[in-house]
Every structure is written in C-alpha cells, then in structure tokens.
Amino acid sequence: DIDTIEKAIEAAKAETTKPSIIIVKNQIGFGCPAKQGKASAHGEPLGAENVLAMKENLGWKTEPAFYVPDEVYANMNEHIAKGEKTEAAWNELFKAYAKAYPELSAEYTKWMSGELDKEALLNNEELWSFDKEMATRESSGIMINRLAKLIPNFIGGSADLAPSNKTHMNDRGDFSAEDRSGSNLHFGVREHAMAAIANGMYAHGGLKVFCATFFVFSDYMKGAMRLSALMNLPVAYVLTHDSIGVGEDGPTHEPIEQLAALRSMPNMTVFRPADSKETAAAWYYAVTNGTTPTSLVLTRQKLPLYDGCPKRALKGGYILKDSKKETPDVLLMASGSEVELIYKAADELAAKGIDARVISMPSFELFDAQDEAYKESVMPKSVRARVAVEALTSFGWHKYVGLDGDVISLDTFGASGKAEILFEKFGFTVENVVDKVSYVYNK
C-alpha cells in the first residue's frame, strides 16, 4: 500500500522533536499458496509449478514466462525522460560554472576522478621523513596531518577515540551540521555505521576518506569493511592498540585473531608497520592505490627507527638486516613491534655462530604480489630454518615458515598488566627468540 507508506513517511518527517519508526507488516512469499509465510520462500527457489500457481493466484499473465506490463514500461520511460532532462540541466549548469570559475571546476573534476599525483607524493622527502623513535599510531597522526596539507579533499575521523587513535587534523576544523567546511568527523561510538558512512562517501566520489578505532573493535565493523573490499573502495582504516601492548585494559581490548581475519579478506591490504618509515609507506599506499581498502594496524608503544629507505616497505616484505653469508643459516621474520625482537636476536645468534637474515613483513598482501624472483631473493627456498614472531595468532604465518620452521605467537587470549610484563610473560623476548631459533636451526 504505497499511498499509506508515503503518508507515514510524511508524518515521520513532520515530527521534528523525536525519532519515528514505521513498521510495515508483510508476509514472506506473499501470493504463493504453497510457500506464503514459510521460511522455505526465502531459503529455496519457488520452482516452476509454484511460480505458475502464484501468477494465477495474483491474477498475473502466465505467458510469456517473463512478463512485464505495458504500464511498467510507460512509468519507467517517464522516469528516464525526467532523469535525462535533469542530467542535461546539470551539465549545462556545470558548463557555465566551469566558464565562470575555471580553476575551481578543474579542482572539482580532479577530486571526482580520485587521482593524486603519485610521483609528487613519492618524491616528497618531507612527507617520508622521520628522525626518532615513536609509536606508529603517533607517526600515523603525523602522516595524517602532512597529507592534510597536500590533499585538500582529505577527510576522516574516529569512533570517539581521536586522541588515542591520533587522527585529528590540525587547522582543518570539525565537520558538523552548523559548519560543513571542517574535515574532522566525529562518528561517535558506532564502528559499523562509521565504516558504512566512509564507504558511502567514497562511493559518491570526490573525497579521500579514513576512519579509526582500536584494532580489537574492527570486529564491530567487519561487515562494512568487507563491503569496502568487495566494492573496491579505498577507505583507509586506522586501527591502533594492535596487540597485548594495550596492557592494562585487559584481554577484552587485546587483539589476537583480528589480524589474521583481515589478512584473510580478499582485496584488503593490511599494513602492520615496524617503524615510522613503514607507517609512511602504508599511508602512501592507502591514499594512492585507488582500488583496495587499507588497514593500518598501529602500536600504542614506542618503536625504534630503522635505517634504510622507507619506500622498500611498499614491497610488503624486505631484508631489513642481511646475513654475513650469501645464503643465511636462518630467516627471521616479523611485523610491527616484534621486528625489534628479531633485529636484536640476530646479533646474539651471530655470537652463537648462527647467521640470520632479518626480514620485516609489514604487508603479506603486497609481498605475495611481488614476482617470484623478488620473493626468492628475500626468502630463498633453500633456507628451511625459519622463525616468525608476531604477538597475535600464528594463523597465516605457516605459508612463510614452512614445515621445518616455527612461529612465536599468541594463540591464547592475553591478560591484564603492563605491556612489558605481558610481552615477557608470553615469550616475546630476545632470549626466547634466540632459544627458538637455535632449536629450529639445530634440529
């Protein structure tokens, strides 16, 4: 009853002091005598016999099998003509706008294309420059503000966690009903809706969009994140507090399986950077790739800054510190904060006569996308002694460590306590890495 529904909508719009709810009662499989009101109308096809019975029951033509009344065509053609007229009027308006404001119209066209000057960003040394240790959530915040100065249509916000996520853009104002010139969005505690809104903004076009929350809360927005990937919408997801390093908030706030879940999602690129330079690479990829959403999984605790070109992280995995031998005795690999453990462990292993190659793996997806020659240069198939370290579930690492390797991971839930105490408790120490590698190498 379209007329009644329309009246209900108008009444709801007229009510300006409180929310309204419109309940439309119906029956599943309406009109099909054998299926109406039954779950089978949803879970299985009606079948030719039931389709025929439904047509007869509703007074519909039974032939041809796919029948559309002339009234439907006439109504559709009316809408098509109206749409064509509206589009033509808009095109004329934009043509006049472009003539009156050529610079603004060019900027609008550029925004709507979604394109950025990748080379300019790639060669902007100031954008990539960091000179001290810091948490990757902090370096991400610096990158957001650097990008905000270079990308005028950059917009985003957090699920009521901007101070913790480090996502506030300085000097860009807050977007609100009263002031739509701002670029900082206050989504409130509604992760799923936040990600859905970000999808809608990207689907409309014209904006570079990010949103943020604690990593463990990515569970709340997984459905909308999946749609980002399915629809090729390059939303940037800032996911901070990435491990048991959260500490005192306890196991409810400590992610375990979330990283493997995101890595298993088709067309989702996941970065867990080991330092600020890798964080810069993650952000560069997020704003320039154009086809895949990116999850930036970031630490609360400070991480060291490693020597070398930050752009190598765009390979997904690379040699951070090489072995002395042409073919190393063992391959050490990690992401994020645990790269520091394998970096230090390599020195202690050298004292034991075990020559190790240290591999940083910020992104499985980008590493897997490299050609076989590059992957072999980083992880030679001949080296079967391999150990991976990550303070989350081991799921997914076995494709790299193989049958003879091992993973130091966390396949249980965490605990409440200070980060340094928890890392020691769960075996994320240099000593444990050295012991595990020694065992794997000598077995």
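Annotations for the structure displayed:
- Scanning region 368-409 for residues that are polar (S, T, N, Q) and surrounded by 21 or more Cβ atoms within 10 Å (Cβ to Cβ) gives a single hit, S409.
- Which listed residue, of E87, E63, E125, E138, is free of Cβ contacts under 8 Å to residues at least 12 places away in the same chain, of a type in the set (D, E) and surrounded by 10 or more Cβ atoms within 10 Å (Cβ to Cβ): E87
- Within region 283-297, considering residues that are of a type in the set (G, A, S) and outside any strand (DSSP E or B), the one modelled with the lowest pLDDT: G290
- Residues in region 149-203 that are surrounded by fewer than 19 Cβ atoms within 10 Å (Cβ to Cβ), of a type in the set (V, I, T) and within 24 Å of Y220 (Cβ to Cβ) were compared, and the one that is farthest from the chain's Cα centre (by Cα) is V189.
- Checking A148, A159 one by one, the residue that is out of contact with any Lys or Arg (no Cβ under 6 Å at 6 or more places or on another chain) and of a type in the set (G, A, S) is A159 and no other.
- Check on A274, out of contact with any Gly (no Cβ under 8 Å at 6 or more places or on another chain) and either small (G, A, S) or surrounded by fewer than 19 Cβ atoms within 10 Å (Cβ to Cβ) (or both): no
- Filter result for A260 (touching a Ser or Thr at 6+ places or on another chain (Cβ under 6 Å), closer than 23 Å to T299 by Cβ, assigned by TED's automatic domain parsing to the domain that holds L122 and assigned to a strand (DSSP E or B)): no
- Of all residue pairs spaced 6 or more apart or on separate chains, those with beta-carbon atoms under 6 Å, a first member in region 283-307 that is of a type in the set (G, A, S) and a second member that is modelled with pLDDT of 95 or more and part of a loop (DSSP other than H, G, I, E, B) are G290/P234.
- Whichever residue in region 308-339 is without any contact (Cβ under 8 Å) to a residue 40 or more places away in the chain and basic (K, R) and, among such residues, is farthest from K418 (Cα to Cα): K325
- Subset of region 228-251 [part of a loop (DSSP other than H, G, I, E, B) and under 17 Å from S335 (Cβ atoms)]: H241, D242, S243
- Qualifying position, being among the charged types (D, E, K, R) and touching a helix residue (DSSP H, G or I) at 6+ places or on another chain (Cβ under 7 Å), among E248, E278, E257: E278
- On inspection, N26 fails the criterion of being polar (S, T, N, Q), farther than 30 Å from T109 by Cα and assigned to a helix (DSSP H, G or I).
The values are calculated or read from the model by the stated rules, or taken from the named source; none is laboratory data. Since this is a predicted model, take the numbers as computed values, not measurements. Glycine gets a Cβ as well: all are built from the backbone with ideal geometry, and neighbour counts include every protein chain shown.
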